[in-house]
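J.: Quick one: this structure, given as structure tokens, is what I'll be asking you about.
The values are calculated or read from the model by the stated rules, or taken from the named source; none is laboratory data. The structure displayed is predicted, hence computed values, not measured ones. FYI the Cβ positions are ideal-geometry reconstructions off the backbone, even for glycines, and counts take in every protein chain you see. With ligands, DNA and RNA removed, areas are computed over all heavy atoms of the protein, side chains included. Shrake-Rupley method; radii C 1.70, N 1.55, O 1.52, S 1.80 Å.
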Amino acid sequence: MTKLTLPYDSKMFDEDFIFGVATSSFQIEGARETRLDCIWDTFCAQENTISDRSNGDVACDHIAHWQQDIQLICDLGVDAYRFSISWPRVMHADGTLNETGLAFYIELIDALKAKGKKIFVTMYHWDLPQYLEDEGGWLNRDTAYAFAQYCDLVSQRIGDKVDAYTTLNEPFCAGYLSYEMGVHAPGLTGRKNGRQASHHLLLAHGLAMQVLRKNCPSADVGIVINVHPGYALTDSAEDIEATKMGTDYLFHWYIDPLLKQSYPSVMDKLSLEERPDILEGDMALIAQPLDFIGMNYYTRNVYKMGDDGWFEIVTPEPGNLTEMGWEIVPEAMTKMLIELDQQYDLPPMYITENGAAMPDVRQGNRIADQNRIDYFQSHFVAVEAAMEAGVNIKGYFAWSLMDNFEWALGYSKRFGLIYIDYETQERVWKDSAIAYKNMLASRALVTHE
Ligand code: GCO
């Protein structure tokens, strides 16, 4: 097994650079009977939504195994744990707190704190309570206010125990994949739906920023977005135009409102009926000052112009792909980080997710995932190169602590450092977990001047 290494003088070895692991509530928790239903429960129960027809009822049964999972986090030697709070676990449908649900997170946070871990809490990783979806979900503007209220009640209680709050994880997925493409819960389609849901998500972010800042003055507050750097299939003017359209529509749509108080000009290509309803003052509300921005990076998108004058994403050729069919292009990560730094007045950044699904095979108690180690290694080099170029990156979180429910692909894709045997709930260290642990331990040998 080759190791994960960083050069001795790596900026990622700086004392204040944080390494972590990340998860999300619906993907790991299970124990569905102890919370309200969310849109993913409903979606999973429909036909042809989840490739292996699975659901989140049990998942990694983290609610029962959380102490063991904290021990894994400690044994890995990471500095920080990024997880999300399940809205339907901590709130009742009448808008009051569910004390039992909240007690779970308080115990989890206190135990992590006692071990000296930094806590990065995500308030929304896509598990919208079904009772809110019944009222229109993210198509209903009131959902943004309900989100702010949930953030208010929860943060009054966990307040400054948390080092960093993230309002939303990936509004692109929660808006576009869920309300426009229909591939994520609640499975709606249409441009108007996607754009409107995305706008309300961003509005929810702005409202929650204000609340979290007020309640938790010593915590950092920000948002996590996913980035897909765009590349043109050919250097034809059409493909270059398609790349700009695609990148604007799928990526800048979610970052421009935060940092520039506007939507990108691809909005002009939409008919009036397809554009989101935006009320006066919304854009200013969305563009709250951020303490940090989290970037989730996995791959790039290659675009070509479609016959209808709209962009198309080109499926990558077989070869250098992960199990998701995603192309492995670490240099696109460096290029994108540097370009973003030039294009925007960015707050400090974290890489809040990066990792790979691989065709893991368990042989006894060994999972020899050299391919995942190689993925991490090449992306460490990519982050390092961006930092060398002057980009302010404060930390890196591997996705994911353990194998989990990969949304529409169910349990068929494994992203974990730790392998989960879903029959027995046994946790098994993959080679990549051992390599990550060893790399983190090697930091102790580095002296800081
Ligand atoms: C996302 C989510 C994670 C996914 C991961 C792999 O980026 O889509 O934050 O929940 O599991 O990214 O697809």
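J.: What helices (runs of 4 or more DSSP H) completely inside the range 1-119 contain at least 3 residues that are on the phi < 0 side of the Ramachandran plot and open to solvent by 10 Å² or more (accessible area, probe 1.4 Å)?
T.: The helices (runs of 4 or more DSSP H) meeting that bar are 39-45, 62-76, 99-114.
J.: With more than 16 Å from the ligand (Cβ to nearest atom), surrounded by 18 or more Cβ atoms within 10 Å (Cβ to Cβ) and under 21 Å from residue 27 (Cβ atoms) as the only criterion, which of 137, 206, 175 stands out?
T.: Working: 206 fails: under 21 Å from residue 27 (Cβ atoms); 175 fails: more than 16 Å from the ligand (Cβ to nearest atom).
The match here is 137.
J.: Has the range 300-321 got any residue that is under 26 Å from residue 198 (Cα atoms), open to solvent by less than 30 Å² (accessible area, probe 1.4 Å), within 16 Å of the ligand (Cβ to nearest atom) and at pLDDT 95 or above? Outline the logic, then answer.
T.: Kept after step one, since they are under 26 Å from residue 198 (Cα atoms), are these residues of the range 300-321: 300-306, 308-315.
Subsequent filtering for residues that are open to solvent by less than 30 Å² (accessible area, probe 1.4 Å) retains 301-303, 306, 311.
Then keep just the ones that are within 16 Å of the ligand (Cβ to nearest atom); that gives 301.
Restricting the remaining residues to those that are at pLDDT 95 or above gives 301.
There is at least one residue in the range 300-321 that is under 26 Å from residue 198 (Cα atoms), open to solvent by less than 30 Å² (accessible area, probe 1.4 Å), within 16 Å of the ligand (Cβ to nearest atom) and at pLDDT 95 or above.
J.: Another question about this same structure. On the given criteria, is residue 237 crowded, with 21+ Cβ neighbours inside 10 Å, at pLDDT 95 or above and of a type in the set (Gly, Ala, Ser)?
T.: no
J.: Answer yes or no as to whether residue 172 is part of a helix (DSSP H, G or I), closer than 30 Å to residue 75 by Cβ and modelled with pLDDT of 95 or more.
T.: no
J.: Right, something else. Name the residue that is farthest from residue 237 (Cα to Cα), counting only residues in the range 322-337 that are in a loop (DSSP other than H, G, I, E, B) and open to solvent by 20 Å² or more (accessible area, probe 1.4 Å). Can you show your working first?
T.: Just the residues of the range 322-337 that are in a loop (DSSP other than H, G, I, E, B), to begin with: 322-326, 328-329.
Those left that are additionally open to solvent by 20 Å² or more (accessible area, probe 1.4 Å): 323-326, 328.
Working: 323: 32, 324: 30, 325: 27, 326: 26, 328: 26 Å.
Looking at the filtered set, the residue picked out is 323.
J.: Check the range 218-234 and report whether any residue there is at pLDDT 95 or above, in contact with a helix residue (DSSP H, G or I) (Cβ under 9 Å, 6 or more places away or on another chain), closer than 30 Å to residue 280 by Cα and away from the ligand (no atom under 16 Å from the Cβ).
T.: Scanning the range 218-234, I find at least one residue that is at pLDDT 95 or above, in contact with a helix residue (DSSP H, G or I) (Cβ under 9 Å, 6 or more places away or on another chain), closer than 30 Å to residue 280 by Cα and away from the ligand (no atom under 16 Å from the Cβ), so the answer is yes.
J.: Something else now. Between residues in the range 104-132 that are free of Cβ contacts under 8 Å to residues at least 24 places away in the same chain and residues that are among the polar types (S, T, N, Q), which pairs lie under 9 Å by C-beta distance while being six or more apart or on different chains?
T.: 132/140; 132/143
J.: Given the condition acidic (Asp, Glu) and under 22 Å from residue 377 (Cβ atoms), answer yes or no: does some residue in the range 339-352 qualify?
T.: no
J.: In addition: Scan the range 372-392 for residues that are under 22 Å from residue 323 (Cβ atoms) and open to solvent by less than 60 Å² (accessible area, probe 1.4 Å) and jot them down.
T.: Hits for the range 372-392 are 372, 373, 375, 376, 377, 378, 379, 380, 382.
J.: Let me ask something additional. The conditions are (1) crowded, with 17+ Cβ neighbours inside 10 Å; (2) outside any loop (DSSP other than H, G, I, E, B); (3) in contact (Cβ under 8 Å) with a residue 60 or more places away in the chain; (4) touching a Phe, Trp or Tyr at 6+ places or on another chain (Cβ under 8 Å), and residue 340 fails exactly one of them. Which is it?
T.: Every listed condition holds for residue 340 apart from (4).
J.: While we're on this one: Answer yes if at least one residue in the range 86-97 is of a type in the set (Gly, Ala, Ser) and within 16 Å of the ligand (Cβ to nearest atom), and no otherwise.
T.: yes
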